[in-house]
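In what follows, a structure is listed as structure tokens, so that the remarks can point back to it.
The values are calculated or read from the model by the stated rules, or taken from the named source; none is laboratory data. Not measured: the values here are computed from a predicted model. Heads up, the Cβs are rebuilt from the backbone with ideal geometry, glycines too, and the neighbour counts pull from every protein chain shown.
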Amino acid sequence: MEKIVVKDDEQIELSIVDGDLEAHDGAIINVSSKVDKLVINGNLISKGDVEIYGSLEVEEIIHKNGYLEITGDVLAKRIRIRNGGRGGSKLIVGGNLTAEETAVDGGVEVEKDFKCPKVEIMGSCAVYGNTDVETYDVSGSAKHELNLNATDVEISGSFKVGEDAIIKNDLEISGSAKIGGTLDCPEVEVGGSFSCTNLITNSTDVSGSARTTTAQVGSKLDVSGSYKCEESIIAAKVSVSGSCNVGDESKIEKLSVSGSAKAGDSSKFVDIKTSGSLGLGKDTIAENINVSGSCSSSGFLKLSEKLQVSGSLTGDEIEAEEISVSGNLRCEIAKADLIKISRDSRVRGKLFGGTVIIGDGARVEDITADVVELGKNVRAGVVEAGTIDADPSAKYTKG
């Protein structure tokens, strides 16, 4: 088998190499116009800045200490790019890159599609076509203009996909992640901010802020910053340390928010717990709501179990098994089997219940119930009840 050596700054034209091709710094290799590609029946061994004009088929590419630029397509079994101590190394492919294994100390840039089962890059990667990989490990940033299909992805820097990212197992990003289309991945962990159009996942953990247009979460979504879902989210559990805003027709079993939360119309929940304000759209349905701040709803709010607010509660019509308010309540109608208004609270609107308990010093309007208890210095409107247990200091009109 022959071996062809292209010296420093030498320019040569080739169509086939029956052995290895060795190229040195400044070498320029032109693929003959008589063939579709340069076939090397051996390895390409290059050093420094080397340019190949045309497409290439080779057993293995071994390059170090500079830029290797190939303007056409590349088909190889293995690619190894190493730094040799004189700055960074980079592989630049003007067409499609197809390989069985790629290991790069430096950068990779592919103008069209990139297909390779095993990819390890100790630098940055940019692909302007579609990417099809299995194990994908990048120590720097990764940018993909179109779609990405993978099995496992680990990126130490930022991660960007222009269209869809379909990942079979895990996605782990130390920096920020931005997906222009759908992200379909069972397990997602992002160290910085995160955004995508449609999230399909079992479990996603974001250390920064997160934003989606829609989302389907099988187990949990944990966000350390703020989270916004512009349209609907369907999830078993959503936990947000900052503010949370979800769109119309969202369905969340358990929503826990340390800051403020807002949900669109016709949303459904099992449990909501928030330490800040809670805003609910029209026709919200839930089992339990616990708010340590203000809670407001528009339209009809229905709970099958308990609504507890330590702050203010406002709405049009509210119905629950139990309503407990420590603060202010303002609504047209509030109905529950048990209504408890804490001491010194203020209520504007009519209360309907099985049992209504008004704490000391509270101010309420009309009450209709089976049993009503009025504490010391309570001021009430018209009270209609089968049983009224009122402190002598309470003032009301018996209906």
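Among residues of the range 13-30 being under 11 Å from Tyr53 (Cβ atoms) and more than 49 Å from the chain's Cα centre (by Cα), the one that is surrounded by the fewest Cβ atoms within 10 Å (Cβ to Cβ) is Glu13. Being at pLDDT below 95, within 24 Å of Leu146 (Cβ to Cβ) and either in contact with a strand residue (DSSP E or B) (Cβ under 8 Å, 6 or more places away or on another chain) or crowded, with 17+ Cβ neighbours inside 10 Å (or both) narrows it down to one residue among Gly84, Gly95, Gly106; which is it? Being at pLDDT below 95, within 24 Å of Leu146 (Cβ to Cβ) and either in contact with a strand residue (DSSP E or B) (Cβ under 8 Å, 6 or more places away or on another chain) or crowded, with 17+ Cβ neighbours inside 10 Å (or both) holds for just one of Gly84, Gly95, Gly106, which is Gly106. Taking the criterion of being without any contact (Cβ under 8 Å) to a residue 40 or more places away in the chain, part of a loop (DSSP other than H, G, I, E, B) and not acidic (Asp, Glu), the residues of the range 1-24 that qualify are Lys3, Lys7, Ser15, Gly19, His24. Checking each residue in the range 112-152 for being among the charged types (D, E, K, R) and either part of a loop (DSSP other than H, G, I, E, B) or under 21 Å from Asp184 (Cβ atoms) (or both) picks out Lys112, Asp113, Lys115, Asp132, Glu134, Asp137, Lys143, Glu145, Asp152. The residues listed here are Asp184, Asp137; of these, the one that is at pLDDT 95 or above and under 16 Å from the mean Cα position of the chain (by Cα) is Asp184.
Take Gly354 and decide whether it is under 49 Å from the mean Cα position of the chain (by Cα), assigned to a strand (DSSP E or B), crowded, with 16+ Cβ neighbours inside 10 Å and not hydroxyl-bearing (Ser, Thr, Tyr). Spelling it out, it is not the case that Gly354 is under 49 Å from the mean Cα position of the chain (by Cα), assigned to a strand (DSSP E or B), crowded, with 16+ Cβ neighbours inside 10 Å and not hydroxyl-bearing (Ser, Thr, Tyr). For Ser46, are the conditions met, namely being surrounded by 18 or more Cβ atoms within 10 Å (Cβ to Cβ) and either without any contact (Cβ under 8 Å) to a residue 40 or more places away in the chain or over 27 Å from Val119 (Cα atoms) (or both)? Taking the combined requirement at face value, the residue satisfies it. Taken as a whole, the range 364-374 holds no residue that is loosely packed, with under 15 Cβ neighbours inside 10 Å and of a type in the set (A, V, I, L, M, F, W, C).
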